[in-house]
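These notes concern the structure reproduced below.
Quick note: the coordinates plus some simple rules give every number you see, no bench work behind them. No experiment lies behind these values; they were computed from the predicted model shown. Please note: Cβ atoms are built from the backbone with ideal geometry, for glycine as well, and neighbour counts cover all protein chains shown.
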Amino acid sequence: MTATREQELSGRLADVRHRIEAAGAVSGRRPEDLTLVAVTKFFPAADVELLAGMGVTDVGESRDQEAGDKIGALPSDVRSRIRVHFVGQLQTNKAKRVARYTDVVQSVDRARLVRALAAGRAAAVEDEVVSGPLEVLLQVDLGEGEQAGRGGAAPAELGQLAEAVAGSEQLRLRGVMAIAPLDLDDDGVRRAFDRLHGLGEQLRHTHPDATWVSAGMSGDLEAAVAAGATHLRVGSAILGSRPAQR
Ligand SMILES: *Cc1c(COP(=O)(O)O)cnc(C)c1O
C-alpha cells in the first residue's frame, strides 16, 4: 500500500527533528532554543494544515502570490496556531500585502523595503487584520570575493538598516538571516554561518532583542546548529522535492 501524504510528512518530519536534536546535542544547544521553520513553498495549504497538526509551529513561504492565497485559505484555528515567516526575496511593491498575512519577514535587505513594510503593517493594524508589529530579520549577504552571494545586505549596511527598523513602530527587529553561498565545502559553510552569528552578536550590542539567527536549510542544518543558529528553514527534507526554480 502506498503511504498517505500524512504518513509521508510525519516520517520526514520525525527524521528532521531527529537531525536537529542530534546536532543540538553535539554542540550543547537546548532544544527549546532551536525553532524549525517548515518551508512549504510550492506545496498546498493542506500540507500546512497537516504539519500544524503534527506540532509544527512555524511555516516559511517565499513567493508572495502563492503564499498570500495559501495562508488566506487556512482555517482560522490553524492560522492562529502557526507563525508565518516570509523568507524569499521581496519586491517593494509586494511588501504591503506581505505585511498583512505574515508574522515575520526574514528577508529585509534595504531601507526602501523597511519603509514599505512599516507602512503596510500600519495599514493592516488600522484595518484590524493584524494586531501587533511585524517581526523582522535582516538578511545578510555572506558571499565573499568570487563567491556568488545569495541575496541580502552587505554586512556593513546592517547598522543603518537596524536603525531604520528600530525607528518604525510597526516593526520589531529580531535578528539576522542568511543563505549559505553556493559551492562551499562543509568547512566553508560553517565559517559562513559563524560569520553570520558574529554579525548577530554585534547587532545585539545596540539592539538586545535581536536574538534570532536564521540559517540552515535541508542540506546544511547541522552546520547552522553548530554555528549558533536559532531558526532552521527546512523545505525539501520535510515536504519532498520541488519543481525546478528560477
Ligand atoms: C526554499 C528555501 C528554504 C528551504 O530550502 P530546502 O533546501 O528545501 O530545505 C530555505 N530558505 C529559503 C530562503 C528558501 O527560499
- Item | Among 118-125, 229-236, 200-207, the order from most to least packed when residues are scored by Cβ within 10 Å on average | 229-236, 118-125, 200-207
- Item | Positive-end residue of L36, L239, S218, charge dipole of the chain with Cβ unit charges | L239
- Note on the structure: Where a ≥ b ≥ c are root eigenvalues of the Cα gyration tensor, a/c under 1.5 meaning rounded, otherwise prolate if a/b exceeds b/c and oblate otherwise, region 89-156 counts as prolate
- Quick one: Karplus J couplings for region 198-208, per residue in order, coefficients 6.51, -1.76, 1.60, θ = phi - 60°, nearest Hz, x for Gly and Pro? x, 5, x, 4, 4, 4, 5, 4, 9, 10, x
- How would you classify region 131-246 from its alpha-carbon gyration tensor, with a ≥ b ≥ c the square roots of the eigenvalues: rounded for a/c under 1.5, else prolate if a/b is greater than b/c, otherwise oblate? prolate
- Message: Please compute the volume of the convex hull spanned by the alpha-carbon atoms of the chain and report it per residue in Å³.
- Response: 132 Å³
- Relative contact order, percent, the chain [alpha-carbon distance under 8 Å, six or more residues apart]: 19 percent
- Would you work out if region 26-141 is rounded, prolate or oblate? Take a ≥ b ≥ c from the square roots of the eigenvalues of the alpha-carbon gyration tensor; rounded if a/c is under 1.5, else prolate when a/b is larger than b/c, oblate otherwise. oblate
- Message: Treating only the Cβ of Lys, Arg, Asp and Glu as charged (+1, +1, -1, -1), what charge dipole size does the chain show about its Cα centre? Round to the nearest 20 debye.
- Response: 440 debye
- Scan around M177 for amide H atoms under 5 Å from its own, H built in the peptide plane at 1.01 Å from N, and keep only partners 5 or more places away or cross-chain. L138, Q139, V140, S214
- Assuming R0 = 30 Å, can you tell me the calculated FRET efficiency for the pair S236 and A156, based on Cβ-Cβ distance, to the nearest 0.05? 0.35
- Message: 7 Å from Cα along Cα→Cβ at both T206 and M54: what's the point-to-point distance in nm?
- Response: 4.2 nm
